[in-house]
Structure formats: structure tokens, C-alpha cells
């Protein structure tokens, strides 16, 4: 192939006021031939460029997805063209009812494989990580959708970059609700949360669950328990706690029915022990606050990591332990006596890793020393129940 040639791509020109934008498809593997990235930097002349450096971990995650079966990138990248790029409109019959704002034709892009990046005819405004992943992927080709416009200069490119990247992202709560109904490969950060999100959804909808309609999500706006607090509690248990016993370590999946039964059984005992505190929002109750949900989640793991919720001893272990904790909780009033010299009002504990750890440790200390012997109370309970 010659060093210099024209790339002609079928395209649709859309007229928006005084501007034209061009919609077309292109093999992502060929983008490097005519596009470059304007890196944000400062020199003696001030700010130059507008793009951040490549995010290696993000690119790696996209690449893994692209190399999986059924990969698809439906969202278009955005390119800013110099005036080297032109559009050849196709001849069409124009009737009285013809659309005038849309015109088919060919986008003509000059390619010079020997030119420097700064002289290429297209600049990548949005889609840097995706195009880098396509570049690195072990694939012969990967066609993608693209939208382009002819920019007057870098100032216009920069303004379009800000506009494209300042749109509001999807709320995380909505993403968590969508995950259980999603199939196919997902980025690692979402794949890890698909099972916890599925369990949370079932807790929020099951008729026998104390969490029923109590978890605040986009589809349950009347809920008062934060979805992220419940997700963290479930994740901790799945990977290091009581729910791990129901997982298949090879696949990461597991017996969801048993997991839900375990969660419902434990938290139903919590509800039965403190019903008034359970029905109050977090600002009025530390039981439904993130700090309470997570701390009791750790206690669930400590008490039941080796007990299947179908065993008759399960409820006895939980009830006896919650009875030991009862004199020491301050869900809605009073004081938490965390440790000598650390006493907090009932609402003085916050949903921070440090306070979650302190409350968990308080509960563990109570369970270890109920009668001054230093013996772990839950061990004694478990022995009696077995």
C-alpha cells in the first residue's frame, strides 16, 4: 500500500444549524493511520492539548472485553477533522417530502503514513481508551461507529471535549439494578458486583425479607437503607465471610437461593430483636445506618461462617448472640461505649471504615467476654447447638 492515499468511507452528513457532522463506520485498527490525541500539557505558551494520559488498567479491561465472545461497542467515538477532510455528497432525487438535513455520501480522508502526529487530519475528541484497547487487542479488525466534525482549531476541539465528557454519568444505583439482568462480559469492577447486586435485589423484593422495599434504589425510591451499605455487607460476606460457603470458587458464582435464605434468616432475627430501630431511617437509627448494617454483617460472618442457614442451630446461635449484644447497643438513643475514653452519642458513629471497625470490635469484645471468662461466647453457643 502506498504511503499516501485517500480513505473513502460511506457517511451520512447531518446539518445542525450552520454546522455539519458526519456519521460513519471505520475499522478501529486503522484509526492510528489518520488520527492523533491532543495530550493536555503546559509549556511556555500556556495550556496545550486537552486529553488525559492513557489509563492502562481501563484499556486492559476494555481489551479483555473486546477479545471475548460477543463483544460490542455501540457508542460512537468523536473525531475533530481539519479542513483536509472533505465530503462528497451522493446524487439523490429530491422530492417534496425529502429530508433536507441528512445527506448520504463519502467522507474523504487523506492518509499520509509518513507524517508526524501533529499533521494528521483527525484528532480524537472522545474515545481515547476504547481506541487504544482496539489498537492493542488481538483482533484482525474491529469496526466501530464514529461521529466527526470539521473544527476551526484546537479551541473548538477543546470545547467539544469538555461538552462530550461533562454529561452526567448513569447513577451507580441504576447500574447496580441493571447488573443482575445483564449477560455477557463486563468490566471487572462491574462483574464483581453482579452477584452482590442480584442478592440485594432479591432481598429488596422477597416477601419474607426484612429488607423488602427498605433499600433505596432507583426503582424503590421510598427505601431508607442505602443500597451501597447493603452491597458492601454482601460483598464482604461473599468473599471473606458466611456466604462464601455457598460459592463455587472456580467460577465465582454460587447457590443464590441458599445465600438469600442465609441473609433473610439472619436479618430477620435482627429485625425481631430491634423492630422499632429497624423501621427508622438512618438519621434516626444507627441500625439502618451504614455503620450498623456493615458491623452486624461482620458479626453475621463471625457467627455463621460454618453454619448453613438450614441447620436448626442457626437461629439459636444468632438469637443468643444478639441477646448478649442488646445491653450494649445504642441504635436510637444513649451512648456507645466503644472503649475506655471513647464514648459516643448514639448518632456519633459515622459510615466510615474506622467507625465500622470500632463498632465491629465492640460487638466482638462483648461476645468474647459475656461472663468475664474471656471465652468466645459464640464458641460456647456453637458447641451446645452441635
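The values are calculated or read from the model by the stated rules, or taken from the named source; none is laboratory data. Please read these numbers as outputs of a predicted model, since none were measured by experiment. Note: ideal-geometry Cβ built from the backbone for every residue, glycine included; neighbour counts use all protein chains shown.
Checked against the criteria, residue 313 counts as over 34 Å from the mean Cα position of the chain (by Cα), surrounded by fewer than 17 Cβ atoms within 10 Å (Cβ to Cβ) and modelled with pLDDT under 95. In summary, strands (runs of 3 or more DSSP E) completely within the stretch 1-112 and bearing 3 or more residues that are within 29 Å of residue 136 (Cβ to Cβ) and modelled with pLDDT of 85 or more occur at 4-16, 19-27, 77-81, 102-112. Annotation note: of 233, 259, the sole residue that is at pLDDT 95 or above, touching a strand residue (DSSP E or B) at 6+ places or on another chain (Cβ under 9 Å) and surrounded by 21 or more Cβ atoms within 10 Å (Cβ to Cβ) is 259. Between 283, 247, the distinction of being in the same structural domain as residue 190 (by TED's automatic domain parsing) and within 26 Å of residue 352 (Cα to Cα) belongs to 283 only. Taken over the stretch 338-349, the residue count meeting the criterion of being at pLDDT 95 or above and in contact with a helix residue (DSSP H, G or I) (Cβ under 7 Å, 6 or more places away or on another chain) is 1. Assessment of the stretch 290-302 against the conditions (assigned to a loop (DSSP other than H, G, I, E, B), in the same structural domain as residue 230 (by TED's automatic domain parsing) and either crowded, with 22+ Cβ neighbours inside 10 Å or at pLDDT 95 or above (or both)) yields no matching residue.
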